[in-house]
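The values are calculated or read from the model by the stated rules, or taken from the named source; none is laboratory data. The model shown is predicted, which means the values in this text are computed figures rather than measured ones. Cβ: placed from backbone, ideal geometry, glycine included. Neighbour counts: every protein chain shown. Side chains included, ligands, DNA and RNA excluded: accessible areas come from the protein's heavy atoms. Shrake-Rupley method; radii C 1.70, N 1.55, O 1.52, S 1.80 Å.
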Amino acid sequence: MKNFLMALSATTLIGNVTSAQQVTFEEYDLPNGLHVVLHQDNSAPVVITSVMYHVGAKDEQPDRTGFAHFFEHLLFEGTKNIERGEWFKIVTANGGQNNANTTDDRTYYYEVFPSNNLELAIWMESERLMHPVINQIGVDTQNEVVKEEKRLRVDNQPYGNLIKAVKQNMFKVHPYRWTTIGEMEHLDAATLEEFQAFNKKFYIPNNAVLVVAGQFDKSQAKEWINKYFSAIPKGTPVSRKTYEEKPITESFKATWEDPNIQIPMYVTCYRTPSMKTRDARVLDMISSYLSDGKSSKLYKKLVDEKKMALQVGAFNYSQEDYGTYFIYSMPMGNTSEDAIIGQFDEEITKLQTELISEKDYQKLQNKFENDYVNSNASVEGIANNLATYYLLYGDINLINTEINIYRSITREEIKEVANKYLKPSQRMILDYLPAQEKSQN
């Protein structure tokens, strides 16, 4: 009884926290199509200014991959009014920090400044959008930077090409079939005019959302936003082609060799729906059930009890158009691939034929409540979430309501979704292997 009351108290506490944690915001559009979101938080004297552009790796051409990620770097090179090499100096000299990141679906830039430097941040982001300098010296410089990043994080990183190996086999027509970092020969072959055209097409106000979050005066912020962003002309609306993959109806195998590893990785992959769907969120829960933490089903079974694996994991690689569901393991000793995948299938079959226990279901609910609280625990997290929910999900208020979707997912739905997407006939089995030494003649 004591343990029950403690668990009930903890659950009630989490529920109260999430109920109280409503994120307030104001949103509006400038005449040029830039969507603006303002979120005030006076808990600390900092302000985050961010711009998310609806451009990612999926907006590239098959022979010009890596452009969106390249622009993540290139648009720090300088502008008409910010000399080359001065961007980071200006930010640090004013007590700030900044960064950017790219996915298949979007590119995100942000600055964190003391709250008295909001005007500077707004001006700098408007400069990035209105007056970027895209010349040959900047392209050549960032080309070398990106090559070094690829060597460091992908080519020379153990298991660094896992995502590439999966994507190029799971997708046949969709641009998700290549990686965000792209191929270096494509960047080498591109002309300056191609980079300039890419910028003109995608880095436009009507393909972006500006978020200001933190401690600031709202009327003053609006005045500065209007002053620096309104003069930027609206661009030609981005037209995107729809790509539809044929369903996977028969299991198939693929192989990748990695010279940086000694232990193989066995991976099963299933194509899943857009991150905007309810089913994608159910798959998130299934991932947690299978492999989140040492008490999860696959970890406890394969690593702790049977000593068959050094590591095991499951995750739903969720994206705007499609997702890919991964289950992977690094075997212990001479444990065979068939034995490992047999264990995967055993746990999935249980999901497909039995309801998970009430205890495991409550554990999932608590975990997702906690994740929700943590995702909005910082102003930086809130700024990112506001931009993402607006730009990619088309529903900015999901920052407050998405947790209700997770709360409403039932044990029966978990069983149904496992049956719908995780069938053996709907998957690829990837053997990610140590590279074989080639004999010299």
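Observations on the structure shown:
- Note that the range 289-305 has calculated 3J(HN,Hα) couplings of 4, 7, 9, 8, x, 6, 9, 5, 4, 5, 5, 4, 6, 7, 8, 7, 7 Hz, one per residue in order, obtained from phi through the Karplus relation 6.51 cos²θ - 1.76 cosθ + 1.60 (θ = phi - 60°); glycine and proline are x.
- Prolate/oblate/rounded call for the range 56-212, Cα gyration tensor, a/c under 1.5 rounded: prolate
- Relative to the dominant Cα principal axis of the chain, helix 192-202 is inclined by about 80°.
- At a probe radius of 1.4 angstrom, the accessible area of the chain per residue rounds to 46 square angstrom.
- Portion, in percent, of the accessible area of the chain that falls on carbon or sulfur, probe 1.4 Å: 50
- Label-zone membership for the range 419-438, site residue 242, 7 angstrom Cα→C-beta point, backbone N under 13 Å: none
- Projected label points at residue 89 and residue 196, each 7 Å from Cα along the beta carbon direction, are separated by 2.7 nanometres.
- The range 316-441: relative contact order in percent, alpha carbon pairs under 8 Å with at least 6 residues between: 25
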